[in-house]
1. Which condition number in (1) open to solvent by less than 40 Å² (accessible area, probe 1.4 Å); (2) without any contact (Cβ under 8 Å) to a residue 24 or more places away in the chain; (3) among the basic types (Lys, Arg) is the one that ARG351 fails?
2. Just one of the numbered conditions (1) within 30 Å of GLY365 (Cα to Cα); (2) surrounded by 14 or more Cβ atoms within 10 Å (Cβ to Cβ); (3) hydroxyl-bearing (Ser, Thr, Tyr) is not true of THR164; which one?
3. Looking at region 321-346, which of its residues are aliphatic (A, V, I, L, M) and touching an Asp or Glu at 6+ places or on another chain (Cβ under 8 Å)?
4. If we scan region 318-337, do we find a residue that is surrounded by 20 or more Cβ atoms within 10 Å (Cβ to Cβ), of a type in the set (Ser, Thr, Tyr), in contact with a strand residue (DSSP E or B) (Cβ under 8 Å, 6 or more places away or on another chain) and under 24 Å from HIS214 (Cα atoms)?
5. Being of a type in the set (A, V, I, L, M, F, W, C), part of a loop (DSSP other than H, G, I, E, B) and under 21 Å from the mean Cα position of the chain (by Cα) is the filter here; which residues of region 68-126 pass it?
6. Name the one entry in ARG85, ARG104, ARG89, ARG94 that is in contact with a helix residue (DSSP H, G or I) (Cβ under 8 Å, 6 or more places away or on another chain) and basic (Lys, Arg).
7. Taking into account only those residues within region 226-255 that are within 22 Å of the chain's Cα centre (by Cα) and not β-branched (Val, Ile, Thr), which is most open to solvent (accessible area, probe 1.4 Å)?
8. If you scan region 304-317, which residues turn out to be open to solvent by 10 Å² or more (accessible area, probe 1.4 Å) and either within 14 Å of the chain's Cα centre (by Cα) or under 17 Å from MET74 (Cβ atoms) (or both)?
Amino acid sequence: MGGRRIVVEAVKLLLLKQKEKQKQQLQLHLHLHQHQRRSVTYMPRPGDGAPRGVTLIPGDGIGPLVTNAVEQVMEAMHAPLYFERYEVRGEMKRIPQEVMESIRKNKVCLKGGLKTHVGGGVSSLNVQLRKDLDLYASLVNCFNLPGLPTRHHNVDIVVIRENTEGEYAGLEHEVVPGVVESLKVMTKFCSERIAKYAFEYAYLNNRKKVSAVHKANIMKLADGLFLESCRQVATKYPGITYNEIIVDNCCMQLVSKPEQFDVMVTPNLYGNLVANTAAGIAGGTGVMPGGNVGAEHAVFEQGASAGNVGNEKQVEDKKANPVALLLSSAIMLRHLQFPSFADRLETAVKRVISQGKYMTKDLGGDSTTQQVVDAVIDNLY
């Protein structure tokens, strides 16, 4: 009798736990439903609903697959924008003039990766585009997505990187045969404006801390100038905690305790390394959104490894991960002042990830790009 009573109690406990889990799932569903149907998002100005033009560069490799995914979802949502498509290839010497004119007119561009040759070949068009449009701030948001298992939890890092100078300025020459000089140029003007952008971003997005990443212990003048600029800007934001961290220690801290970071502001090269490391920790480059912004224009693309064009098998099998660019396009919608469309898209993507049924290979599944897109569209409410 004692054994039977134990079994009955165990069954009751199991049923109670199942009922509690169902209750939690229902509450979550109701919360999402209520959030989705909130009565007020913002008060638009007359004419804010007019469709906006966006320059579209599908790019190389998997670029056409993932940009087409965005086009399909935007069409399904009836988002108030239209795309002006231009074919650009990474082997071109320059971005065609008509493409630049379209971006300058629309002020917003969505792009896939443009292939960059390693070593020889033409200079990176990804970098050239940022320099020509003075897109001085690169932003990558690396965060945990519910349903995507990772080693670390509570990761929500924004890496803001200076885009126009430093090692990526491309100032290289051969002094004599066998000796190459690569110049790292840092200016007070560019250092100050990226610091201002990072603190302004933190202030407007209710972020609590800004960390400046540097190597001023070795590059005392160049990175010293960057730190001096960050310190001056930090004094104007007393409500935001400011700290500094050497880049090699930063990478070690990222892989051991990433949740300590909030907003990170970096010179050009360090930001590329830090953003990719943070993306790998939070779930992979295939799901991390981002973009590049300047005073007049903005280009949205996959956040980390923005020049990623995938491989031939991904293109052939049509199994590229569209999540990063879909989430980047949600950031773009907010930039265009269409917040409810951004919320719908972001919520739909997060639902698909949390359900775990449609995942591409990099996330542990075997779904095609189109299957993920169809799932996102099915979850648009």
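The values are calculated or read from the model by the stated rules, or taken from the named source; none is laboratory data. On a predicted model such as this, the values are computed, not experimentally measured, just so you know. Here the Cβ positions follow ideal geometry from the backbone for every residue, glycine too, while neighbour counts run over all protein chains shown. Just so you know, the surface numbers come from the protein's heavy atoms only, side chains and all, with ligands and any DNA or RNA stripped out. Shrake-Rupley method; radii C 1.70, N 1.55, O 1.52, S 1.80 Å.
1. Unmet condition: (2).
2. Only one criterion in (1) within 30 Å of GLY365 (Cα to Cα); (2) surrounded by 14 or more Cβ atoms within 10 Å (Cβ to Cβ); (3) hydroxyl-bearing (Ser, Thr, Tyr) is unmet by THR164, namely (1).
3. Listed by number, the residues that qualify are LEU325, LEU327, ALA330.
4. Checking region 318-337: not a single residue is surrounded by 20 or more Cβ atoms within 10 Å (Cβ to Cβ), of a type in the set (Ser, Thr, Tyr), in contact with a strand residue (DSSP E or B) (Cβ under 8 Å, 6 or more places away or on another chain) and under 24 Å from HIS214 (Cα atoms).
5. ALA79, LEU114
6. When all the criteria are applied, what remains is ARG94.
7. Here the residue is MET252.
8. Answer for region 304-317, where residues must be open to solvent by 10 Å² or more (accessible area, probe 1.4 Å) and either within 14 Å of the chain's Cα centre (by Cα) or under 17 Å from MET74 (Cβ atoms) (or both): SER305, ALA306, GLY307, ASN308.
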